[in-house]
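The values are calculated or read from the model by the stated rules, or taken from the named source; none is laboratory data. All values reported here derive from a predicted model rather than from experimental measurement. Here Cβ is always computed from backbone atoms with ideal geometry, including for glycine, and neighbour counts include all displayed protein chains.
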Amino acid sequence: MATQATKTPVVHEAHEVDTFHPPQKMLDKHPSKPHLSGLEDYQQLYKQSITEPDQFWGTKARELLSWSKDFQTVHTGTLTGGDNAWFLEGELNASYNCVDRHAATDPDRVAIIYEADEPNAGRNLTYSELLRQVCKTSWVLKQMGVKKGDTVAVYMPMIPEAIIALLAIIRIGAVHSVVFAGFSADSLRDRVIDAKSRVVITTDEGKRGGKLIGTKKIVDDALKQCPDVSHVLLYKRTGADVPFTQGRDWWWHDEVEKWPAYIPPEPMNSEDPLFLLYTSGSTGKPKGVMHTTAGYLLGAAMTGKYVFDIHDGDRYFCGGDVGWITGHTYVVYAPLLLGVSTVVFEGTPAYPNFSRYWEIIDKHQVTQFYVAPTALRLLKRAGDHFVNSKMAHLRVLGSVGEPIAAEVWKWYFEVVGKEEAQIVDTYWQTETGSNVITPLAGVTPTKPGSASLPFFGIEPAIIDPVSGEEIHGNDVEGVLAFKQPWPSMARTVYGAHKRYMDTYLNVYKGYYFTGDGAGRDHEGFYWIRGRVDDVVNVSGHRLSTAEIEAALIEHHAIAEAAVVGIADELTGQAVNAFVAIKDSNENSDVLRKEFIVQVRKSIGPFAAPKAVYIVPDLPKTRSGKIMRRILRKILAGEEDQLGDTSTLADPSVVEKIIAVVHEQR
Ligand code: 6R9
């Protein structure tokens, strides 16, 4: 295939879309060459991954992972049955795969490049140092009574100890449950209780964008209602004077001093749980998505290798937080499994100024960079003059978490990458474990805004949501589902397997349902349109409208609440809330502020509504269903396109809501 940075205009849906081939300059600066020779190579391997999955995955699992006991059966189970299991009878340890094997062959190789919130305050950790730290921390956890299969909660900022904590947990066969350190005490409490965690790992404080975050205080608040938590392991990040509960709280530095620098890794069955990660769905409380050991690790290693073109000696920088799936798979697992250096960045792209990412890339000679479009939109708006670094080693620029608009894609390619790095727009989810629709760097031609083609083992289907039938052929639109199981798919929702079945596998029998709308263009490229359920995506953070509504209703003044996501220039989507209050005599300005505080307190600051409209009533059907569609139309200024409102119990509320929205804007 052609490898020039040529742009071939092709016609798609009556408008022109440029196709970008892997830039020649990317290949020129490559330390060797991409793992595949080109698109045909991909097509051939892809075909094998679909027609002979056992052979394909069996070979890759032995190639990329180290096993203490080989597996006999590559795969059993079906999507209909919800009982998929991979690499049965096999045994391995995730921390051994991420650390020991590299520490043994090249002890001085850098594993973690810690870029602290303050520039120049960071440090590097080699693989042998990482192994020592992980082992000591494993000892500490064991002394706290953590056993194989127990879940340990981690509530930490982006510092090396967060990664050490995860690796220490899985080394002894326990399961990590990371809670994003931007979540409130109430959210942390719910997750600790649901996962039955008895040990929590945290810091005295966090530091981000020059601001201090009272991590320990939040943990203390959360634990007031978690009587089963027996131990808190506390890493001293800032040295602040924080409350300390004798007998429950333990200082990290005091404890690790006591224990030796090696502890054998616990051999785990392939299907033993590796971690839980809570994520929002369309209804109810957040779900504890469960991933298991071998399949998840293989997905991370495979996508690291092929999507990001990781080679020995690379320095990989994913800007995601370890509190989300992107941080799990692409800050921790993919780079460490492949034995390269991973940048752990504590700060924000705006501190001390908008050049921070680009300076980090220069300083550490980063080869792959991976971030969400929301950060790119912010940086693009700040101005091109902030992008004043050479970034000479950069080969791959990844995007994740939300659709990336064509003009942001082009800015990323031209201004950040100087047309010398390939953009990979990677589509995936907490539940898929690793990238599922994505270009392979150095291999796949790309179109701005399209996540391009399926990864190995992923067989996408576009389904007509009305008939439930698969739509074959190209140039089609519908909802996105997958037809075959893949190794890194989530196995269950912790303690709620029926919910797992109903959310993902029972919607369209025989398929995994993503919850996203998508199109397949005339060349078979996929275009992700966004969620079709009640999930909103704010700055790449996944939130459910139901969750925010539940938080609002906790406020004594609120009778009813309806939350919708609307398009927002900076954050992709923004949360807007409509509330009906119990007593219309209360001061609405004061109330609106209280409602926002309520959501911040109950979920976290990132979930706070951008606007709150106090309305006399919500648009409800006679059966009591809130018609959020109408609220969305009103906010979009499409009052003339409300559609059928005849099913409303009281159609006159529509005019009243329109009046409130107009008045407040
Ligand atoms: C990895 C992650 C998953 C949802 C997903 C979709 C959206 C993710 C995307 C994308 C368009 C991309 N999403 N990647 N939309 N293009 N490249 O973000 O996981 O937090 O579980 O969110 O994010 O809507 O369904 P998660």
Pairs under 9 Å by beta carbon, first residue under 15 Å from residue 19 (Cα atoms) in segment 404-423, partner within 13 Å of the ligand (Cβ to nearest atom) and of a type in the set (Asp, Glu), six or more apart or different chains? 409/425
Residues that are more than 16 Å from residue 124 (Cα to Cα), out of contact with any Pro (no Cβ under 9 Å at 6 or more places or on another chain) and not in a loop (DSSP other than H, G, I, E, B), drawn from segment 337-357: 337
In segment 418-461, anything among the β-branched types (Val, Ile, Thr) and either under 19 Å from the mean Cα position of the chain (by Cα) or within 15 Å of the ligand (Cβ to nearest atom) (or both) is listed as 423, 424, 426, 430, 432, 436, 437, 438, 444, 446, 458
With the checklist (1) at pLDDT 95 or above; (2) of a type in the set (Ser, Thr, Tyr); (3) outside any helix (DSSP H, G or I) in hand, flag the one item residue 412 doesn't pass. (3)
Residue pairs within 7 Å by beta carbon, gap of at least six or interchain, first lying in segment 429-444 and closer than 18 Å to residue 394 by Cβ and in contact (Cβ under 8 Å) with a residue 60 or more places away in the chain, second more than 9 Å from the ligand (Cβ to nearest atom) and of a type in the set (Lys, Arg), listed first then second, are 441/395
Does segment 503-521 contain at least one residue that is among the β-branched types (Val, Ile, Thr), under 30 Å from residue 412 (Cβ atoms) and not in a loop (DSSP other than H, G, I, E, B)? yes
Checked 458, 462, 423 against criteria (in contact with a strand residue (DSSP E or B) (Cβ under 7 Å, 6 or more places away or on another chain), part of a loop (DSSP other than H, G, I, E, B) and at pLDDT 95 or above); the one match is 458
Hits in segment 547-557 (condition: more than 25 Å from residue 287 (Cβ to Cβ) and either among the aliphatic types (A, V, I, L, M) or modelled with pLDDT under 90 (or both)): 557
I need a count of the residues in segment 543-570 that are within 16 Å of the ligand (Cβ to nearest atom), crowded, with 20+ Cβ neighbours inside 10 Å and not aliphatic (A, V, I, L, M). 4
Exactly one of 330, 351, 370 is surrounded by fewer than 21 Cβ atoms within 10 Å (Cβ to Cβ) and closer than 14 Å to residue 319 by Cα, and that one is 351
Residues (within 16 Å of the ligand (Cβ to nearest atom), farther than 20 Å from residue 320 by Cβ and in contact with a Ser or Thr (Cβ under 9 Å, 6 or more places away or on another chain)) located in segment 571-581: 575
Tally up the residues in segment 252-288 that are surrounded by 15 or more Cβ atoms within 10 Å (Cβ to Cβ) and at pLDDT 95 or above, please. 20
Kindly indicate whether residue 507 is more than 18 Å from the chain's Cα centre (by Cα), away from the ligand (no atom under 11 Å from the Cβ), of a type in the set (Val, Ile, Thr) and under 14 Å from residue 480 (Cβ atoms). yes
Yes or no: segment 346-366 includes at least one residue that is touching a helix residue (DSSP H, G or I) at 6+ places or on another chain (Cβ under 8 Å) and within 14 Å of the ligand (Cβ to nearest atom). no
What are the residues in segment 579-601 that are among the aliphatic types (A, V, I, L, M), in a helix (DSSP H, G or I) and free of Cβ contacts under 8 Å to residues at least 40 places away in the same chain, if any? 590, 591, 596, 597
Residue hits (segment 58-105; surrounded by fewer than 17 Cβ atoms within 10 Å (Cβ to Cβ), among the charged types (D, E, K, R) and in contact with a Phe, Trp or Tyr (Cβ under 7 Å, 6 or more places away or on another chain)) are 89
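A quick yes/no check of all residues on (1) within 23 Å of the chain's Cα centre (by Cα); (2) assigned to a strand (DSSP E or B):
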site	(1), (2)
221	no, no
229	no, no
233	no, yes
241	no, no
290	yes, yes
297	yes, no
301	yes, no
Output for Cβ contacts, cut-off 9 Å, separation at least six or different chains, first residue within 15 Å of residue 130 (Cα to Cα) in segment 332-347, second among the acidic types (Asp, Glu) and not in a loop (DSSP other than H, G, I, E, B), reads 343/115; 344/115
Cβ-Cβ under 8 Å pairs, at least 6 apart or on other chains, segment 516-529 side over 15 Å from residue 401 (Cα atoms) and at pLDDT 95 or above, far side away from the ligand (no atom under 14 Å from the Cβ) and of a type in the set (S, T, N, Q): 520/474; 521/474; 522/474; 523/474; 524/474
So for segment 271-281 (the condition being within 27 Å of residue 543 (Cα to Cα), hydroxyl-bearing (Ser, Thr, Tyr), in contact with a Gly (Cβ under 7 Å, 6 or more places away or on another chain) and not in a strand (DSSP E or B)), does at least one residue qualify? no
Identify the single condition in (1) crowded, with 17+ Cβ neighbours inside 10 Å; (2) more than 16 Å from the ligand (Cβ to nearest atom) that residue 469 does not satisfy, given that it satisfies every other one. (1)
Please enumerate the residues belonging to segment 189-240 that are among the hydrophobic types (A, V, I, L, M, F, W, C), buried (at least 21 other Cβ atoms within 10 Å of the Cβ) and touching an Asp or Glu at 6+ places or on another chain (Cβ under 6 Å). 232, 234
